[in-house]
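One structure below.
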Amino acid sequence: MPERVVTACVLIIGNEILSGRTQDTNLNHIANVLGESGVRVREARVIPDIEDAIVGAVNEVRAKYDYVFTTGGIGPTHDDITADCIAKAFGVSLVIDETIAARIRGRPSEPDVMASRMRMARIPDGAQLIENATGGPQGFSIGNVYVMAGIPSVMRAMISTVRLEGGAVMQSRSVTAYLGESQVATGLEEIQERYSEVDIGSYPFMDADGYGTTLVMRGTDPATLDSVLDEIKRLIVDAGETPRNVVTE
């Protein structure tokens, strides 16, 4: 019986990402953490702080993938609208979570500051909290959607507490050679056809020693990966080069 593939989509929310002002570093970490749990990120999108865009994207991808992770838009300002949009996507109202509210009230401040902070206590009715050891904004989950902060250190604290039901964990093998991609393209395609269950990727690079290619194999069966690696190493040798930097992960 074919193994079940568990999938996820990441929605990176924020005008600051789209404008180029802020560089996203969350996707890499999320993909690695999910991969260790046997969940494969199949899609990632960057979307603006616009209600219709967020609601539409959430409803589309939560029906398509096993899990959806969002980052950004859960702070105290007017443009932090992710909680509102998630509630609208699920057709529920926003409620004040008393656990979060109590923590916020425990930090006395001026009335206008307190009112802004209390925006972070609003979560969709029926949502569950995602713990945040940093003391910053609280994440939440509802259905198969996990809503987290955009600040990388806070997001990492949140996702470290999330437990998912994943499938088989992907493993990888890689090897580099100072060959152009075109020099191995035909042989690589033939190997891929024989091993359809393995994802084979070719990634060119240039360094002080010249132009080369890193060949990466990803799959769930170690023995099959080793067989593919052996064939690719022979392909490199047949092309007149030496396989280098073999990595097993």
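Computed with the Debye formula from one identical point scatterer per Cα of the stretch 156-196, without solvent, the log10 of I(q)/I(0) at q = 0.23 Å⁻¹ comes to -0.91. Distance between the C-alpha centres of the stretch 229-249 and the stretch 125-177: 36 Å, rounded to the whole angstrom. Across 209, 66, 226, mean-square fluctuation computed from a Gaussian network of the chain (C-alpha pairs under 10 Å connected) peaks at 209. By DSSP, the beta bridges lying fully in the chain are antiparallel in about 60 percent of cases. Three principal axis extents of the stretch 130-249 based on alpha-carbon atoms, in descending order, are 57, 34, 20 Å. Using the average count of surrounding beta-carbon atoms within 10 Å as a protection proxy, the listed peptides 71-79, 107-115, 8-16 rank, highest first, as 8-16, 71-79, 107-115.
Round to the nearest 0.05 the FRET efficiency obtained for residue 237 and residue 43 when R0 = 51 Å and r is the Cβ-Cβ distance. Using R0 = 51 Å, I get an efficiency of 0.85. From its DSSP helices (H runs of at least four residues, each -39,500 (n - 2.57)), the chain gives a residue-normalised ellipticity at 222 nm of -11000 deg cm²/dmol. Put in line by how crowded their Cβ is, counting other Cβ atoms within 10 Å and starting with the fewest, 203, 195, 67 read 203, 195, 67. Under a no-solvent Debye model with one identical scatterer per Cα of the stretch 86-146, what's log10 I(q)/I(0) at q = 0.12, 0.21, 0.24 Å⁻¹? So the normalised log intensities are -0.30, -0.83, -1.00.
Computing FRET efficiency as 1/(1 + (r/R0)^6) for residue 18 and residue 223, where r is the C-beta to C-beta distance and R0 is 41 Å, gives about 0.40. Extension gain, residue 164 to residue 50: 0.36 nm times the residue separation minus the Cα-Cα distance gives 38.1 nm.
Starting from the Cα gyration tensor of the stretch 3-98, take the square roots of the eigenvalues, sort them a ≥ b ≥ c, and report rounded, prolate or oblate (rounded when a/c is under 1.5, otherwise prolate if a/b is larger than b/c, else oblate). The shape class here is oblate.
For the stretch 29-73, the direction-averaged projected area of the alpha-carbon convex hull comes to 3.3 nm².
Readers should treat all values here as calculations from the given coordinates under stated rules, not as data from a laboratory. None of the values given here were measured: they were computed from a predicted structure. Note that we place each Cβ from the backbone using ideal geometry, even for glycine, and neighbour counts take in every protein chain shown.
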